[in-house]
Amino acid sequence: AKQVRWVPEHMRQRLIDWAESMDWDWVISRQRIFATPIPAWYCTSCREPIVAEERQLPVTPAKDKPPVERCPKCNSESFEPEQDVLDTWMDSSITIAVHAGWPELDRRLFPADLQPNGTDIIRTWDYYLLVRHLALLGEAPYRTVLINGMVFGEDGRKMSKSLGNYVDTTMARGKYGTDALRQWAVIGASTGSDIPFNWKDVDFGYRFMRKFWNAARFAGPHLNAKIAKLDPKKLKFRPIDRWILSRLNRLIGQTTGWLEDFQFNHAMGAIQTFVWHELCDMYIEEVKHRLYGDDLTADAARYALYHVMLTAAKLLAPFTPHFSEEIYQTYFGKDHPYPSVHMSSWPEVNKKLIDESAERAGELANLIVGALRQFKSERKMALSRELPSVVIYTSSRETAKQLKEVGDDIAGTMRVGKLNIKVGKPKLAERVLAVEPEMAKLGPRLRADVRLIVQALREAKPEDLAKQLAKGKLKLRAGGKRFELAPEDVKVIKETASAGRKVEVIDIQKPALTLLITSPRSGLVRRRTRSTRRARRRSAS
Ligand SMILES: [Zn+2]
């Protein structure tokens, strides 16, 4: 047990504890109907056991004759067969040697590199393999034992028919496909830990493949053998391309390391995050506007996309074998000599492509693109709608330099008419556009008089009203009556302006950035009323 590598390592102790706790020999006979017969007979008169000779094997003692005519002890001619059969572990305890061609041993296959099994059979299979091979061949039959946890029901209890918490794998496969189920099994728990079944993870696995498939379907028409064979040295990569290629090469290194270390859940999680968030959500969106071009930067985007997608399919191959094969056959297979993704070589890290500065620039681009995307979506603006102007302020010259490198990517992705990057802080002025009545409050209280208030609020200067409100209350005179309003009776509508133009402001914390956006609706949102428009006219004049 100590010569062998155990994954996870603490599982070794389970075997040692088991071996040390045993009080009796291995009972190899069982009373079962089906199993390997024990090749023995007994003399009916003196009970002398007669064992089959090696050349006779395999024998069924109930049907076959013993190797002797007469009992060597009492000369009797009558024998009865052994009724018991062998313990099933007796057969499987020689598995590894049999795989290696025993009794001749193919040393390429022995000892086995890996013995994978569940926690439940450490005391049986792992133990008997060791015992039998040590007895027979004097050496341990495996180099590494990989112990997997057990699958539990969604309720965290062992799956059982009586508890009704079991999931038939055909159900999950039928609904989501095998590769979705496999992703749950991989990501559900760290190696050696028990895994509760989880429909959510299976569903996520399915959605992950759909996401990747849709991305491949979008990118596919732009990818071909000619792109794959371009000389990268001649292409004009933008920082965003260098970012994704750098991230991809890091991912190759991490995934390979985790697989060597049997940390499947880490590998799967990192690939999912990369494909979903970095490749599909960011990179593809950020190069869409370049893919239709016909120059060296368009070729660079296509080249990067080709290699990133193909490599991602290869990295996924051990986890989602059918899906990866489908991606490979549909979009890449014709360009490569390998008939299957599973016969292609495992991706290798290209250290030259790992580029920290491109990663920082890429992350900045993603941050800004994400913020502008959210800005548009919150305003129910089409993502393709142009933003006439965005100014990004940063206090760091270094950040400003990096932002300038990815400026075109940001502007192209988010349809920014004019993107400026400035060092420093923006000078912002707040302007009160209008003070509007809260009808829900004032209506019931003032009834018909509310019209007088509306009129008075419209006619006064919004800045004056806001100043009064800031002191706690608002006194109005209308239709010969006096009214006193509290701050909660009205709402103050403001806008932010920079250099005399109305802007919307997004503050980003890490790194500290301020975005000033002139949106196409530099006017006001629709729900604002006539009074606001009048106020705007007034403030404009
Ligand atoms: Zn006898």
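The values are calculated or read from the model by the stated rules, or taken from the named source; none is laboratory data. A quick note: this is a predicted structure, and the numbers were derived from the prediction, not measured. Cβ sites come from the backbone with ideal geometry, for glycine too, and all protein chains shown count toward neighbours.
Before moving on, here are some points about what is shown:
- Among the residues making up the stretch 41-63, those that are assigned to a loop (DSSP other than H, G, I, E, B), more than 14 Å from the ligand (Cβ to nearest atom) and surrounded by fewer than 16 Cβ atoms within 10 Å (Cβ to Cβ) are Glu53, Leu57, Pro58, Thr60, Ala62, Lys63.
- In the stretch 66-81, the count of residues that are away from the ligand (no atom under 16 Å from the Cβ), exposed (fewer than 14 other Cβ atoms within 10 Å of the Cβ) and on the phi < 0 side of the Ramachandran plot is zero.
- Candidate set from the stretch 138-161 (those that are surrounded by fewer than 18 Cβ atoms within 10 Å (Cβ to Cβ) and closer than 13 Å to Ala97 by Cα); member that is farthest from the chain's Cα centre (by Cα): Gly138
- In the set Arg385, Arg379, Arg397, Arg415, only one residue is among the basic types (Lys, Arg), closer than 25 Å to Ser246 by Cα and surrounded by fewer than 19 Cβ atoms within 10 Å (Cβ to Cβ); that residue is Arg397.
- Every condition in (1) surrounded by 17 or more Cβ atoms within 10 Å (Cβ to Cβ); (2) among the hydroxyl-bearing types (Ser, Thr, Tyr); (3) at pLDDT below 85 holds for Thr529 except the one numbered (1).
- Residue among Leu163, Leu105, Leu181 that is touching a Gly at 6+ places or on another chain (Cβ under 8 Å) and in a loop (DSSP other than H, G, I, E, B): Leu163
- Filtering Glu463, Glu488, Glu484 for residues that are assigned to a helix (DSSP H, G or I), at pLDDT 85 or above, out of contact with any His (no Cβ under 8 Å at 6 or more places or on another chain) and exposed (fewer than 11 other Cβ atoms within 10 Å of the Cβ) leaves a single hit, Glu488.
- Members of the stretch 200-222 found to be at pLDDT below 95 and under 30 Å from Trp6 (Cα atoms), listed by number: Asp201, Val202
- Helices (runs of 4 or more DSSP H) (entirely within the stretch 348-446) containing at least 2 residues that are over 24 Å from Glu504 (Cα atoms) and out of contact with any helix residue (DSSP H, G or I) (no Cβ under 6 Å at 6 or more places or on another chain): 356-378, 439-446
- Taking the criterion of being more than 12 Å from the chain's Cα centre (by Cα) and of a type in the set (A, V, I, L, M), the residues of the stretch 181-201 that qualify are Leu181, Ala185, Ala189, Ile195.
- Given (1) away from the ligand (no atom under 16 Å from the Cβ); (2) loosely packed, with under 12 Cβ neighbours inside 10 Å; (3) more than 24 Å from Thr119 (Cβ to Cβ), index of the condition His10 fails: (3)
Here is a yes/no grid of residues against (1) assigned to a loop (DSSP other than H, G, I, E, B); (2) in contact (Cβ under 8 Å) with a residue 24 or more places away in the chain; (3) not assigned by TED's automatic domain parsing to the domain that holds Asp17:
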position	(1), (2), (3)
Ile121	no, no, no
Val131	no, yes, no
Ala135	no, no, no
Arg143	no, yes, no
Val167	yes, yes, yes
Arg173	no, no, yes
